[in-house]
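Scroll down for the structure; my scribbles are underneath it.
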Amino acid sequence: MRFQQAIALAVLLLSGCAVQESSTYQQKSISERVDAWDNLAREYIRLEQYENAKRPLKQALEIDPKSANTLMLMAFVFQRQGENVIAEEYYRKALDGAPNDAMIHNNYGIFLMFDQRYAEACDHFSLAAQDSLYNQRTQALENLASCYSRSGQADQAEQSYLQVLRLNPNSANAIIEMGSIEFERQAYGKAYQYFERYSELVRLNQADYTAKSLYLGVLLSRKNNDSGRSATFALLLKNMYPESVEYQRYKETR
């Protein structure tokens, strides 16, 4: 009900059907009117009503055809609907209007990652992460590290995860990724320290065990000859992530 009331209020504000509302609407700046339509679209997107989201976005683009945020939102809508060609057109238009916008670079990078275009994705994540005032900079760095990892650039991935931890020492994803990296290079002591840091976040309800973290727990417990703890992590892995790649690996090595 609250959302429907919000929709009704937004429509009343923006439609200009009555003289009073029209006057109020016309007094608003172009950016305020665009933001109002964008915010309405975001509510539809939050509810996964992507077709409905297109209507306010179209209204925003009629006001300002070069609105970078609106173009980015439209790109995301088409991306969620699986129309990637159209989505990419909108991402490119958004960047044409705001070539230094970190959020657009980050979101476009995610789009490219899904398309397995890792070299391009890494470039966009890098541009987003270079913006020291971007409020999602840590996430952009994590995305960059993941991109480097998937494209086989292990050293760059490690450096990016370490930078994440300098900015946010409690980044659960970066902690467990660094634990896995140290385990792979057989630095088991360092790997165990990272894993314990991650486990402490779980105990504090600041993170949840993932398939990757549980599998690392199994491997480290085996190295420490702790069969009881290994069995515990293995059971959690089986119950929580039975279809995961990590559980399949566990079954092959038990």
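The values are calculated or read from the model by the stated rules, or taken from the named source; none is laboratory data. What you see is a predicted model, and the numbers here were worked out from it, not measured in a lab. All Cβ positions, even for glycine, are placed from backbone atoms using ideal geometry, and neighbour counts span all protein chains on display. Side chains are part of the model used for accessible areas, which takes the heavy atoms of the whole protein and leaves out ligands, DNA and RNA. Shrake-Rupley method; radii C 1.70, N 1.55, O 1.52, S 1.80 Å.
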Inset, instruction - Keeping every protein chain in place, order M240, M113 by accessible area at 1.4 Å, biggest value first, i.e. largest first. - result: M240, M113
Legend entry - Charge tally in the Cβ shell below 12 Å around Y161, where Lys, Arg are +1 and Asp, Glu are -1, Y161 excluded: -4
Inset, instruction - Give the accessible surface of the chain per residue, rounded to a whole number of Å², with probe radius 1.4 Å and ligands, DNA and RNA excluded. - result: 57 Å²
Inset, instruction - Quick one: net charge around G109, please, counting Lys, Arg +1 and Asp, Glu -1 for every other residue with C-beta under 14 Å from its C-beta. - result: -3
Inset, instruction - Any chance you could run the full-extension gain for Q248 through A231? It's 0.36 nm times the residue separation minus the Cα-Cα distance, nm to one decimal. - result: 4.6 nm
Legend entry - Projected label distance in nm at R92 and N170, using a 7 Å step from Cα toward the beta-carbon: 4.3 nm
Inset, instruction - Mind running the shape call on the range 64-134? Use the C-alpha gyration tensor, a ≥ b ≥ c as the square roots of the eigenvalues: rounded below 1.5 for a/c, prolate if a/b tops b/c, oblate otherwise. - result: oblate
Inset, instruction - Once you have a ≥ b ≥ c as the square roots of the Cα gyration tensor eigenvalues for the range 129-226, tell me rounded if a/c is under 1.5, and otherwise prolate or oblate according to whether a/b is larger than b/c. - result: oblate
Legend entry - Proximal lysines to K28, defined as alpha-carbon separation beneath 26 angstrom and excluding residues fewer than eight positions away on the same chain: K54, K58, K66, K93
Legend entry - Listed residue (I175, L95, Y198) projecting farthest to the positive dipole end of the chain, Cβ model: Y198
Inset, instruction - Enumerate the lysines that K223 could reach by cross-link, defined here as Cα to Cα under 28 Å, with residues fewer than 8 away along the same chain left out. - result: K190, K212, K238, K251
Inset, instruction - May I ask you to give the average projected area over all directions of the convex hull of the Cα atoms of the chain, in nm² rounded to one decimal? - result: 16.8 nm²
Inset, instruction - Could you work out how far helix 137-150 tilts from the main Cα principal axis of the chain, as a 0 to 90 degree angle to the nearest 10? - result: 60 degrees
